[in-house]
Every structure is written in C-alpha cells, then in structure tokens.
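Structure, as structure tokens:
Only the coordinates and a few stated rules stand behind these numbers; no lab work does. Quantities reported herein were computed from a predicted structural model and do not represent experimental measurements. Using ideal geometry, Cβ is built from the backbone for each residue, glycine included, and neighbour counts are taken over all protein chains shown.
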Amino acid sequence: MEINPTRWSTEKLLAEASNIRNRTFGTLITYSPKAFFPFTMLCRDSCGYCTFAKAPARLQRAYMTTAEVSDLARTAREYGAIEALFTLGERPEERYPRAKAELAALGFESTVEYLSIAAARAIKEGLLPHINAGTLSTEELARLRPVSASMGIMVESINDTLVCHRLAPDKAPNRRLQTLRDAGSLGIAMTTGLLIGIGDTEDDRVRGLDEIRKIAENYGNIQEVIIQNFVPKPATQMAHVPPPSRETYLRSIALARLLLPETVNLQAPPNLSEDPSELLGAGINDLGGISRVTPDHVNPEKPWPAIDDLTTTLERRGFALVPRLPIYPAYLQEPARWIDDGLLPTLNYQRDQLGYAREHLWFSGEPSILPRRVFPGRPTGTTSPGWLQELQDELDAGHEAPVELLTMAGSAKGFDVMGVIELADDLRRRTVGDTVTYVANRNINYTNICTFKCRFCAFSKGPLSLNLRGNPYLLSLEEILAKVGDAQEHGATEVCLQGGIHPTFDGEYYLNVARAIHTHFPNIHLHGFSALEVFTGAQRLGVELRDYLRALKDAGLKSLPGTAAEILYDPVRATLCPDKLTTAEWLEVHRTAHEVGLRSNVTIMFGSIEEIGAVIEHLDVTRTLGRQTHGFTEFVPLPFVHMATPIYRLGKARRGPTLREAVLVHALGRIAYHGVIDNIQVSWVKLGVQGAAFLLGCGANDLGGTLMEESISHAAGATHGTSLTPEEFEAVAHAAGRTLVQRTTFYEPVPTRMQTSRDIGQVQQVSR
C-alpha cells in the first residue's frame, strides 16, 4: 500500500524529514556567500505580491550598467562573496519602450543578450553567476550557459488559476516546468521551488513537488529546491493576505524532503523566518545565498542574518554551517556535463577539493593569518559519526586503517574535522611522544634547467618553459662543494641535493657529485636525488636500476628524498606531469633503494587538481611498500604553491589546498601509516611558522630542516623565507606546547658537540 505522508501528523512529518536529512547530509548545513545583482527591476509580468518589479518612472535606468556590475563584483569579492545572484524581471523590453530603447542604445536586442555580457563581467572579477531570468527558450538558455555556474526558476505553484498570477503569463506552471526540462537537456544545474501561501493548497504543493521530482529523476539537473514562505508587503494586491502559518510552512518543507529524491538539496530562506533554526527540524540542509554586501532586493525589509550569529545558532542545534558554491559539489564530479569550460578557471579559483567553497582565506606559500577558531568542535551531547568510531576501533585492534574509512576521514567537513584531528594527534602522542624534531641541513638545488615539462612546476627552466621566475642556472661542482662546506661549518649534519633533469647530464653526474661530497665531507649525510633523477641516470647510462643505486650508495649517498612522487595516481599524473615517472616506476625506485640499503621518505604534493580518492590511493600504495621494506623514515606532505605555476596560470588548478585539506592530509598520514612510518613532517616553507605550529597539533611531530636556502617553492611564489634557526624552530614547537629536539636524518639523537647554533641562520648570506 502506497504511503501518503499528507495524512501524517505534522510531528511525524518533521521527524521523518529530519531523519532523511541526517542520513543523507549529516550535520552539514550549507549556504552560498553571495551578492545580489538586481540587473533590471522592470518586468512584463504583474504578480500580486511582488515589490521587486518597478514601474519605469521609479527607476533611474532600466538596467545595471556593466561598470556597475564590475564595481559591485569587486566590492562583493572584498566581503568574501563567491556567487553573483542576477535577479531580473522577465522580458521587460516586450512591455516597456524604455527598456527596448535602452537595450538598443547599448547595442543589444534583448535582455538575455545583454545579461550574458554583464554576467561575463562578474566572472572576470572572480564571481560565479547564478542567474534567475525566468522562463527562457532553449536558445536563450544556451546563450546564458557559458556565463552561468547555475541557474534558477521558481515554479512557485502548480495551480494555474491563482489570482496573484492573473496578470503574469510567465508564471504559467507548464512554461516554467518546460524551462527546467530544457535546462536539463542542455546540462544546466537548476534551482527551483515553491512559494507557500499565495492561494495554494497542500494538494497543489504535493502535485508541484511531484512534477519537480520527475524532472530531477529524468534529467538530473535539479540541484536544489527552495520552499519559500509568502510574506505580505504593503502596496501590493496581497498586502492584507496573511502569511502561511508556521505549521503549514514547516509541513511544506517536510513534504518536499519526503517527496523529492533524497540527494536534492532542500533550502529555506533564513531571513524570512523569525527563528531560522526551526527550519532544520523540517529537513532542510541549505540556507541559500546570504550576502554581507547587498540587501535581499526581493524582500528588502528582511535583512540577512549575520553569518557568525547563524553559525552559533546552528552549532547549538548540533549543525555546522559551511560555505558552498552556486553549483553543488555533486555536479563538479561531472564537469564536462554541467560546466562550461570557460567557467572552470573561476570555479577552480573558488573551490576546495570536495567541490565546496574555500572556508578560510589561507593559502600555502604566503602569509595567512589563521582564523580565530579554525574548526568547530562537536557540541556536547552530540555523537561522532559511525565511520570515525569504526576507524578508531580498527586502529585499536592493531589493523591498518581501511581505504574506505580513510576516504571518509579525508572528506570530513564541519565537526568531523576535529574528530579526525583528535584521533591523529592521539596516535602521534602514543607513537612518538611530545617532542618535536628537526634536522640541521642545507638544501642545494644545483640546477633549474630541466628537460621535463611538469605543469605544476615554476622552478624548472627549459626551451618550452614559461620562465616565470628567475634565470636558468647550473652550479659547478666547486660551487656545490662550497655550499656543503658552509653548511658543515655552521653545524649542518645533512645536505639535500635535488635539481632539474639537465639535458647534458648522464648518470655519471650524480655519481661524481656524490663522490666529491663524500670525499671532502665524509661526516655529512648525503640525502639526495629524487626517484626521477635516479631513474633517468640509470637509463642514460644504460645500466640496471639496482646496479645504479648500489653505485650511488658506494659513492656516498645515504638516503633518497621522496620527491617526484607528486600524486601517485596515474590519471592525475597524466595531467600534472605526463612525461615523468609513472606510479609503478616511482615505487620501484624506492623499493630497490630500500633493498640495497638506502632509506627514503614519502612525499605528496596536494591541492592542485586531485580529488580525495587520489590522495588515499597515494597513501595506500606507499603504505603497502613501507610495510614490505621498512625503508621509509617519514611522510612529508607538500601543499601545492600555486601562484606562478603554469597549470594554475592557465586556470586548470586550484589555489593550492585549503587549510582543512592541509590539516587532513597530515592527519591522514598519521592514521594511514600507523605502524609503518612513525614520523610526519610539516613543511614550514609552504605552511609558514604559524601554520606549522598548528599542524603540529594535527598528528605531525617533525619540522623538517633548517634548509639555509630554498628555490623550488619560492619559484612558485612562496614567501615564507628560506631559512630558520634552531631558536625559531624552538618558538614553533613552543607555540604548539611541545619540546624541540635536534635529530639526524634517520631520527637519531645528535651529540651535543654537533648541535647547531643560531649561526646557521647566517649561512644564506655567507654563501651568496
């Protein structure tokens, strides 16, 4: 027997709707940081409740100018807006000669034609348009698709006999439903919804929701449904019509949650309710667009709630408020279907790894002040998600963390982030205690000339490189030895050598460098040559990889850095570094190195184009190798520094990882490698000292090296400095509430007589 929820009590409706929301969306409530662009307030329709539409005599101009659009977009960006909500009356040029004349003077025949130009201006300023242009033809939808992250049209009501729509031909339900269908055929993500209390009945709402459901199931383009309550306004036909009762409105929201596909996002405007938090009890998971810079021009008498106040209110109810884009994350999983290529650079600029908006104005490689409260803690009395407890149980039982649970942890948002952090830091405390380690070393990037064409790299210079920063160089062997000598004189125990793959190098180059350093400085630990350098050296000499690694070891090499790994997931590597090592080749270099007695570490470059699945794959394949060989000393997450890299400048990569991603990759390393790799390092060059101190509380225990100089991150735009003294490291550890200890490359204690002094910070100047 078919269940009819309209016969249910309101209490039962709300309870079931909340259960569905909790099961599908958890504790996350989203909103879109937006600015409202009232593109034109002229409209050929006259609705009985509307104060947005104006007569021409009440307007200075019929349309916003493109200059006004650009100015508002720039101001909105300063206030953190991401969405440009273009709202306008329908086809005013067909009713008002003034609108037609103004369009003609601008060189356009229609509102839609001009709107496409105005929306492009907003995109140029870094915003993502969401366009509400009413009923549109297939041709008009196609014109707006390249400048729309998403679009919207409210059905309002399926009842075509409502008095309020008597003079509004564009509000005919069938016309609006057809626009939704046509948008689905064109691959446009749409927002739609119902307006409650304009003469409609509950039966009308159920029928309207059923029509929306059919479109959602047939076309997949209904990303969200708004259930909006009618608010009577003075000087309108419906000024004295009472708004819907609270029960009617909440029942309507709950019915939408029950009758629509569960994955459709359900929204209710927070500024139209006295208590926005009560909307949660009806099953919503979204609060729509909220602006810090513009009023709600449709309901100007109803101000937007303050984000901080709304966040506090929701958290008291056990929900975390997170920002989103005007297009929802699920649609970004299929960009070719839903997104015009021209919008991808702006989307990449604004999005995080999961397809939400960036939550903090924090970027790897540049000074960024951490927010006062980085991640919300779970409110007292609320429970952690089952997957987090299951992950804890697996680790407590001595098992490795399953891939599916690591993926859930890597996708954590809201309260769940703190849960992952706490789990990782507890493992850190149990594994290595409360000391923070560092190594006194010097980084020597001996050449930036490279035959490979990695699209994420701003360091290498070659015939086809963009040469964005610096000039091509190649250090002589004498210059390299001088740098090693300076390092040893000032207390370094290690030198790290890495560079581009110079076209004149054969495998003898690396052997000669290693021999020379070991001969002149036998007490210096030589940590050098990426898997790419080793692999290429063996190839160019025509020798077996194992024999070449043995030769390097005999020449004085002690360990390999984990660089050239980037993301060990070949579909991503095909874009980032198509002519570089494959995943299997990187793993084989390190497997063979471990077998001949060399040790190495694992790195990962994250925050460019990869999804969370690629990160987990990287952790899993290196974890498997580490468990087999026991040769990895540490895990070093390297946040992508985006500024000057070719792939970012072409609009094909994100602005590096978000702070949430940086935290979770370090925490995931601690969790995934538990029992395999004990040490998790933070890159102060990429994170800065404040970021490094914060990450020490997220499962990390090592600050890496003093470096004395650094070229690769700074070529990409990093500005965090090129050297830290032991005293500065100590301040970082102190900020994290921990004790600093100097170590060797292999995490052994350094004798007091070899420990570094503050002089090490002067090596950078001495060597230049």
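Using Cβ-Cβ distances only, list the Cys residues of the chain with no partner cysteine under 4.7 Å, sorted by number.
For the chain, the answer is 43, 164, 450, 496, 698, because their Cβ atoms have no other cysteine Cβ under 4.7 Å.
Calculate the dipole size of the chain relative to its Cα centre from +1 charges on Lys and Arg beta carbons and -1 charges on Asp and Glu beta carbons; express the result in debye to the nearest 20.
On the way: 77 positive and 89 negative charges, 263 e Å.
It comes to approximately 1260 debye.
State, to one decimal in nm, how far the label point of residue 239 lies from the label point of residue 336, with both points 7 Å from Cα in the Cβ direction.
5.7
Among (i) 1.04; (ii) 1.08; (iii) 0.98, only one was calculated for this model; which label is it, if the read-out is Rg/Rh (Cα atoms, Kirkwood Rh)?
Given (i) 1.04; (ii) 1.08; (iii) 0.98, the calculated one carries the label (i).
So how far, in whole Å, is the C-alpha centre of region 626-694 from the one of region 207-257?
Using only Cα atoms to place each centre, the spacing works out to 45 Å.
Any aspartates and glutamates with Cα under 19 Å of the residue 553 Cα? List them, leaving off those in the same chain fewer than 8 positions away.
Result set, ordered by chain and number: 494, 506, 508, 533, 544, 588, 595.
What is the angle, in °, between the Cα long axis of helix 415-432 and the longest principal axis of the Cα atoms in the chain? Nearest 10 is fine, range 0 to 90.
The angle comes out near 10 degrees.
Taking 2.2 N^0.38 Å as the expected size of a compact globular protein, what ratio does the Cα radius of gyration of region 220-321 give against it, to two decimals?
Working: Rg = 14.3 Å, N = 102, 2.2 N^0.38 = 12.8 Å.
Normalised Cα radius of gyration, region 220-321: 1.12.
For the pair residue 506 and residue 430, how long in nm is the line joining their label points, each one 7 Å along Cα→Cβ?
Inter-label distance under the simple model: 5.4 nm.
Quick check: from the Cα gyration tensor, does region 1-147 come out rounded (a/c under 1.5), prolate or oblate? Please report the intermediate quantities before stating the final value.
On the way: a/c = 2.47, a/b = 1.69, b/c = 1.46.
It comes out prolate by the Cα gyration axes.
Of 54/302; 54/214; 12/34, which pairs sit farther than 24 Å apart, going by alpha carbon to alpha carbon?
With Cα atoms farther than 24 Å apart: 54/214; 12/34.
Go through 395-405, 662-672 and give me the packing order, highest mean Cβ count within 10 Å leading.
Working: 395-405: 14.4, 662-672: 27.9.
Result, highest mean Cβ count within 10 Å first: 662-672, 395-405.
Relative contact order for the chain: what is it in percent, counting Cα pairs under 8 Å that are at least 6 residues apart? If you can, show how the numbers build up before the last one.
Numbers: 1549 pairs, mean separation 99.0, N = 768.
About 13 percent, as a whole number.
Using alpha-carbon pairs under 8 Å, 6+ residues apart, how would you state the relative contact order of region 420-766 in percent?
Values: 701 pairs, mean separation 84.8, N = 347.
For region 420-766, the relative contact order is 24 percent.
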